[in-house]
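Notes for the one structure printed next.
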């Protein structure tokens, strides 16, 4: 491997639970802020917020699955 080629980063999982939980919390907070902003939003903005929050709900489901998987992985490593 030449000095200009990068080596892949090792799989660093020690702080995965923390990172996933932070992302989950931020997404839930963003969803709530978006819901709150709908009070003053136009019809178009309200539709866009609903669409975005639907995508966020899907992401939340994925993050929750990821949290469960990572938690199980860490338990197996002990």
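Output the number of residues of the stretch 18-51 satisfying the condition of being assigned to a helix (DSSP H, G or I) and over 20 Å from residue 70 (Cα atoms).
21
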Practice prompt. Scan the stretch 39-69 for residues that are over 14 Å from residue 23 (Cα atoms) and touching a residue at least 40 places away in the same chain (Cβ under 8 Å) and report the count.
Written response: 0
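Read-outs throughout are calculated quantities, based only on the coordinates presented, and are distinct from any laboratory measurement. Bear in mind the structure is a predicted one, so any value in this text is a computation, not a measurement. Note: ideal-geometry Cβ built from the backbone for every residue, glycine included; neighbour counts use all protein chains shown.
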